[in-house]
Every structure is written in structure tokens, then in C-alpha cells.
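Visitor: Below is one structure. I have some questions about it.
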Amino acid sequence: MLIGELTMTEYKAALRKTKTLIIPFGTVEAHGTHLPLNTDTLIIREVVKAAAAKAGAFMSPPIQYGVCTSTGQHPGSIGITAKTLRLITLDIVRDAHAKGLRNFILISGHGGGAHLQALKDAGETLVSEFDDIKLAASCIYGVIGRKAEAVIETEGDSHAGELETSLVLHLAPRLVKGRSKKEFPAFPRPLIVRDKLKYWPGAVWGDPGKATAAKGERVFGIMVEELAALVRKVERARL
């Protein structure tokens, strides 16, 4: 159920059936020259819509901005701070709790470390603050684990490569503009570099050339199944 499209009467009726809200988090972030800036939002929005329908849960409108570190200097990336992401997450869940919701899945289409840590920090605060909520926080790629490896050929693929390009080819093929060159950046870790573009000019991590819509359809199905299973796990949990 798309919570933003319900009337307050419909919301009250639905609340008698479920107290679970899935909140999708995306980004406006460079994804090579071939994928749209809202790739993360597009993917997680569609996954959550299907999983929420399957699990009988509420879906909130996506949070369309996230924390962009390695891609923060690329053209088109528009990020927010980890503090901002943490605060908006706290505000949304607190008010949703006041409206009767008790189970929360914070699920991101973006796997950046600082971004995910902000969601997890917010989650820790919330479960300490309320003794009647259950909450999970993860990116969708953490939820599916290694299951995509049965579909995706490129080892180490992670950003705007074979996996994400395949998903967008399945979900919104008109938005895929050719293919960027494959790229595997080598940041001098653990150093934090000032000039991110020097080490990662193309904003691709993987091989978009191996992407197909059929692969995207298979991975999308895995994501929907695993997220629906996570909803059931949270609802059954005894914490």
C-alpha cells in the first residue's frame, strides 16, 4: 500500500491489518554516462512497491537524497550530510510511530558506507527510545547477499555496472543511454582522497557492457522475494 496515495480513512482501515512501514532511500548520484542520476531511487522504489504488495505492508514515498562521498564531486550528484539523513529518518519514524505504526524497514538502494551508517545510527536511537518498535536497516544488496552472483557475471561489480544497468534495463529501458566503459577504480585506501574524480572519473564500478534486461528481471525478482521475507522476519521477531 502506497501510504502517500491513501486517504486518512483508508489509512485507519489498513492499520488494522498491518503496522509495518517500509521506507525506501535513494540518491541523486552520478551513475556513469549511461544511467540516470536517480538510479538508486528508481530501483529501490520499484522493489519496495512490489515487496510491500506481496507482504501486505505500507510503503512510504522514497527519500530521494542520500549521502554521496566517492561520487560527491561528479556532475549531477546532489547529496545531503549524514546528519541530515539521520535527522529526517528519526523525524519520519517518530511521527509514523505516533500514527500507530510499529514495524519499520529502512531499506536503501544506495550502498555507501556513510549513508548506511546514518540509517543504522538512527535505528539504534529509535529502538532505544521506543520499547514497542521493531526495526531493520540495510541496503537492498545486503538483503539479497550473494544471491545475485548466480545472475551477474562481473566480479566486483558494484556501481553503474552490470547489475544496476541490468535492473534499469528491466525497469526503465528508455532511461539507459548506451553503455559507459567498464571501470574498476583503485582508491589508495585507507587514505581519504581529496580529488575523487582523479581516481574515479567515470562513476562506474563494474562492466555495463554485460548488462541485459533479462538479468535485471531475475535480480529484481530476487530482491522482491528477499525484501518480503525480511518484512515477515521483522514482524515475527521477538526482541
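The values are calculated or read from the model by the stated rules, or taken from the named source; none is laboratory data. The shown structure was predicted, so the numbers you read here are calculated from the model rather than taken from an experiment. No Cβ is skipped: glycine too gets one built from the backbone with ideal geometry, and neighbour counts run over all protein chains shown.
Visitor: Kindly indicate the residue of region 45-100 that is assigned to a strand (DSSP E or B) and β-branched (Val, Ile, Thr) and also nearest to ALA136 (Cα to Cα) among those meeting that condition. Spell out the reasoning first.
Guide: Just the residues of region 45-100 that are assigned to a strand (DSSP E or B), to begin with: 58-59, 63, 78.
Then drop every residue that is not β-branched (Val, Ile, Thr), which leaves 63, 78.
Values: ILE63: 16, ILE78: 26 Å.
Selected residue: ILE63.
Visitor: Take the residues in region 49-85 that are of a type in the set (D, E, K, R) and more than 17 Å from the chain's Cα centre (by Cα); name whichever of them is surrounded by the fewest Cβ atoms within 10 Å (Cβ to Cβ). Can you show your working first?
Guide: Start the filter on region 49-85 by keeping residues that are of a type in the set (D, E, K, R), which leaves 49, 54, 83.
Filter once more, keeping what is more than 17 Å from the chain's Cα centre (by Cα): 54, 83.
Numbers: LYS54: 15, LYS83: 11.
The extreme case among them is LYS83.
Visitor: So, in region 124-172, exactly how many residues are touching a strand residue (DSSP E or B) at 6+ places or on another chain (Cβ under 8 Å) and modelled with pLDDT of 95 or more?
Guide: Let us first name the residues in region 124-172 that are touching a strand residue (DSSP E or B) at 6+ places or on another chain (Cβ under 8 Å), namely 126-127, 133-140, 143, 154, 156-165, 168.
Okay, now just the ones that are also modelled with pLDDT of 95 or more, so 126-127, 133-140, 143, 154, 157, 159-165, 168.
Final tally of qualifying residues: 21.
Visitor: Determine which single condition PRO62 fails, assuming it passes every other condition in (1) in contact with a strand residue (DSSP E or B) (Cβ under 8 Å, 6 or more places away or on another chain); (2) in contact (Cβ under 8 Å) with a residue 40 or more places away in the chain; (3) farther than 15 Å from LYS120 by Cα.
Guide: (2)
Visitor: Okay, moving on. Since ALA137 meets every condition but one in (1) of a type outside the set (Lys, Arg); (2) in contact with a Gly (Cβ under 9 Å, 6 or more places away or on another chain); (3) assigned to a loop (DSSP other than H, G, I, E, B); (4) without any contact (Cβ under 8 Å) to a residue 60 or more places away in the chain, which condition does it not meet?
Guide: (3)
Visitor: Checking GLY111 against (1) exposed (fewer than 15 other Cβ atoms within 10 Å of the Cβ); (2) of a type outside the set (S, T, N, Q); (3) out of contact with any Leu (no Cβ under 8 Å at 6 or more places or on another chain): exactly one of these is not met. Which one?
Guide: Status for GLY111: all satisfied but (1).
Visitor: A follow-up question, please. Exactly one condition in (1) within 11 Å of the chain's Cα centre (by Cα); (2) of a type in the set (S, T, N, Q); (3) farther than 29 Å from LEU37 by Cα is not met by SER128; state its number.
Guide: The single condition SER128 does not satisfy is (1).
Visitor: Here is a further query. Looking only at region 141-153, count every residue that is assigned to a loop (DSSP other than H, G, I, E, B) and in contact with a Leu (Cβ under 9 Å, 6 or more places away or on another chain) and tell me the total.
Guide: Kept after step one, since they are assigned to a loop (DSSP other than H, G, I, E, B), are these residues of region 141-153: 145-146, 151-153.
Okay, now just the ones that are also in contact with a Leu (Cβ under 9 Å, 6 or more places away or on another chain), so 151-152.
Result for region 141-153: 2.
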